[in-house]
Amino acid sequence: MTVRAMLLAPAPGPALREARFDDDSPLDEAGLGRARAVAAAVPRASRLLASPSRRCRETAAALGFAPALAAPADLDAGRWRGRTLGELSAAEPGAVATWLADPGAAPHGGESVLALVGRVGAWLDGLGGEGDEANEEGDDGRVLAVTEPVVIRAAVVHALALPPRAFWRLDVRPLTLTVLSGRAGRWNLRCGEELGSAV
C-alpha cells in the first residue's frame, strides 16, 4: 500500500522556545491558541497518531482529535533532559561538540542521532507493511502524526537516504507539515507547509 505520512510538528511551548531538551512540560496558552487557530486546516487521515510527549498530545487535542496510536518518541537525551543547549555548551563544551559532530555519539548517556534515525526509519517503513493497521478496512494509507521536530528530521534523513550529518541542517518549524509519500525504499518529500495564517 502506498502511504502518505503527514508529520505535523507540535505547537511551540516553553521547552521549544528555550531550545531545551524536552522535559515534557505542557504547552502554554500561546501554543494552545496557535494550534486551535489552525485546526480547520489539518488534513484528514485514516490513522491519527501522536508522540507520547505532553506537547504532542496537547497539540493533537487542540487540533480536535484524539490519536489512537503512538508515533515515535522524542530523542532520549539522557542526563541532558530539561537543560538548554546554552547551559550544556557552557558546562560540557567537549561533549556537546562531539555530539554535534558525530551522529553516532551519545555523550549524554541517551540515544545517538544514528539510533534515532534507525528507530524512526523502521517505524516509517513499517507504516504500510503487511499485517499492520494499514490493511484495515477503510484505511486509505493517509497517516497524520503530531510528532517531535527531531522525529521529523530523522524521518526525512531516512526517507531520502541523506548522510546522517544532514540531520543538523534540517529545520522544522512549529505547526508545519512534512509529507512523505510512497513506501519503504522509495519516498517523496513535501516539506514545511504552514497550516493557516496563524503559524
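Some notes on this structure:
- Model label sites at residue 79 and residue 186, defined 7 Å from Cα along the beta-carbon direction, differ in position by 4.8 nm.
- Between region 141-172 and region 17-46, the alpha-carbon center distance in angstrom: 18 Å
- Each residue of region 171-188 was assigned a 3J(HN,Hα) from its phi angle through the Karplus expression (A = 6.51, B = -1.76, C = 1.60, θ = phi - 60°), giving 10, 10, 7, x, 6, 10, 10, 10, 10, 10, 10, x, 7, 3, x, 8, 10, 10 Hz with x at Gly and Pro.
- Candidates 159, 62, 95, ranked by Gaussian network fluctuation over the chain, Cα under 10 Å, top entry: 95
- The chain: angle of helix 54-63 to the longest principal axis, Cα-based, in degrees nearest 10: 30 degrees
- Added length on full extension, which subtracts the Cα-Cα distance from 0.36 nm per residue, residue 25 to residue 68: 13.3 nm
- Cβ-based net charge around residue 95, under 14 Å, with every Lys or Arg adding one and every Asp or Glu removing one: -1
- Spin-label model, residue 193/residue 125: points 7 Å from Cα along the beta carbon direction are separated by 2.6 nm.
- Distance between the pseudo-spin-label points of residue 46 and residue 165 (7 Å out from Cα toward the beta carbon): 4.2 nm.
Values in this text are rule-based calculations from the coordinates and carry no lab data. Note that the structure is a prediction, hence the values are computed from the model and not measured. Cβ coordinates were reconstructed from backbone atoms using ideal geometry, including for glycine residues, and neighbour counts include every protein chain displayed.
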